[in-house]
Amino acid sequence: MKAAFATLALTAWFGSPVLAQGPHFSGYYQNVGSISGKVGAGGIAFADLQRLRLTVAPAWGPVTGEVALEHTFDWESGAAAAQSFGLLSATRPGDDWLGIDWTIHESGTVVWRQRLDRVNVGLSRGAWSLRVGRQAISWGTTLFLTPADPFAPFGPADPFREYRRGVDAVRAQWYPGPHSMVDLVVRPASTPYGNTLTALVRGMTTLHGWELSAWGGSLHDAVAGAAGLTRSVGASALRAEVVMRRDSSGALVLRGTVGLDRRITLAGRDLYGVIEYQHDGFGAARASELPAVALSQPAQRAELQVLGRDEAAAQLTYQLHPLVGLELLALWNLRDGSGLVAPAATLSLSDEISARGGLFLGVGPAGPTPAQPGSEYGPLPTGAYLAVSAFF
């Protein structure tokens, strides 16, 4: 009787019969083994990280839910410096507000964590939707360096981007037309500098082949605004985004990225290239400022993907074979002259299983001490990793 009454009530409200749908289950397992060179006075370091993710997405007519439970088991021998390159950065503790993730076990060499990376419920009706809880939100326009994306962006050197980290938020979306959207997000966060509240509204539309977007409001209790644009011309795309912020002293800070990506055919296979340049007023203008920037409020709130004032990123991806892909990623700090080079190869073992191996090579002056580095990427040791990922 109660179920029938609920169905009739929802039918009256939404104007059509509401039918239950079976929940969709999915899973993901990954094992990443890595080795890295000396870190300061330490020796060669080995690490192995296992990641298991289980997701269920039930639906009842216009009401949908999503729950994703993620466990990571990390073993490290010595100072496993491969983590500093951004390997599996999404598994690290963040600025979550709900407090529904914790460390199950931690010893000198082993860390076992669990995280409910998605816990949300949504309601849709016509051109609007509302979702409450831990969810993935992406507002970036550029691809690697994304200062206008305030919701847990990927680290630019992270080779594993299968799942974007969820944030605790209330999100309302409205679609006034087929190519337009209004997005409102309210997000509380618990940071090392205390609890903050973010309340932003974003609009996006297309005009004469340009995709235009802008957002504004309060970001971590500070007034902020941003704009982005992208335009495709054939196999190429131009992307740009800019942010205006106020720092802790009240001064205006400019952050922005411009990029170009293009796909061409080489020897009958796809070659895809991306190049981006970022200027960040929060970044370090010289190597001596790097420690202070790393401890600054924007960095501690995970707003900074890199630490330099002016940086560039470039990536080439080539489909050598239907089952084999090659990649080359490079990051440059244009102020201190250091760089990070990361070649990688991916092999498809089946429809659900893939293997990936790669290197991280830091280039530049190391500096006299870890507390006073000579450059951003120079102190990073050479590292290598091999990973196997499976979806089910």
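Have a look at GLY177, GLY33, GLY378 and tell me which one the Gaussian network model of the chain (Cα, springs below 10 Å) gives the largest fluctuation.
In this elastic network of the chain, the residue with the biggest mean-square fluctuation among GLY177, GLY33, GLY378 is GLY177.
With every protein chain in place, what's the accessible area of THR55 (1.4 Å probe, Å², nearest 10)?
Probe radius 1.4 Å; accessible area of THR55 about 20 Å².
Given a 1.4 Å probe, how much area per residue of region 113-250 is accessible, in Å²?
With the other protein chains kept in place, region 113-250 gives 42 Å² per residue.
Accessible surface of TYR377 in the full protein assembly, 1.4 angstrom probe, to the nearest 10 Å²?
Rounded to the nearest 10, that gives 10 Å².
Could you state how much accessible area LEU347 has, in square angstrom rounded to the nearest 10, with a 1.4 Å probe and all protein chains kept in place?
70
To the nearest 20 debye, what is the magnitude of the charge dipole of the chain about its Cα centre, counting +1 on the Cβ of each Lys and Arg and -1 on the Cβ of each Asp and Glu?
Approximately 660 debye in magnitude.
Over what distance in Å are the Cα centres of region 155-169 and region 330-392 separated?
After rounding, the separation between the Cα centres reads 17 Å.
How far is helix 2-14 tilted off the main Cα axis of the chain, in degrees rounded to 10, range 0 to 90?
80
Mind checking which of GLY194, GLY61, GLY216 has the largest fluctuation in a GNM of the chain, springs on alpha carbons under 10 Å?
GLY194
Over the chain, what is the relative contact order in percent, taking alpha-carbon pairs closer than 8 angstrom and at least six residues apart?
The value is 12 percent.
What is the percent carbon and sulfur in the accessible area of the chain, measuring with a 1.4 Å probe over the protein chains and ignoring ligands?
66
From the residues LEU316, TYR277, TRP332, which one has its Cα farthest along the dipole of region 276-392 in the positive direction, the dipole being from +1 and -1 charges on Cβ of Lys/Arg and Asp/Glu about the Cα centre?
The listed residue farthest towards the positive side: TRP332.
With point charges of +1 on the Cβ of Lys and Arg and -1 on the Cβ of Asp and Glu, referenced to the Cα centre of the chain, which listed residue (GLY122, VAL253, PHE144) lies farthest in the positive direction of the dipole?
Farthest towards the positive pole: GLY122.
When the helices in the chain are scored as -39500 (n - 2.57) per DSSP H run of 4 or longer and the sum is shared across all residues, what 222 nm value do you end up with, to the nearest 500 deg cm²/dmol?
Rounded to the nearest 500, it is -1500 deg cm²/dmol.
Evaluate the charge dipole of region 91-160 about its Cα centre and quote only its size in Debye, nearest 20, assuming +1 on the Cβ of each Lys and Arg and -1 on the Cβ of each Asp and Glu.
300
The values are calculated or read from the model by the stated rules, or taken from the named source; none is laboratory data. It should be emphasised that the depicted structure is a prediction, and the values quoted were computed from it without experimental measurement. Heads up, the Cβs are rebuilt from the backbone with ideal geometry, glycines too, and the neighbour counts pull from every protein chain shown. All accessible areas refer to the heavy atoms of the entire protein, side chains included, with ligands and DNA or RNA removed. Shrake-Rupley method; radii C 1.70, N 1.55, O 1.52, S 1.80 Å.
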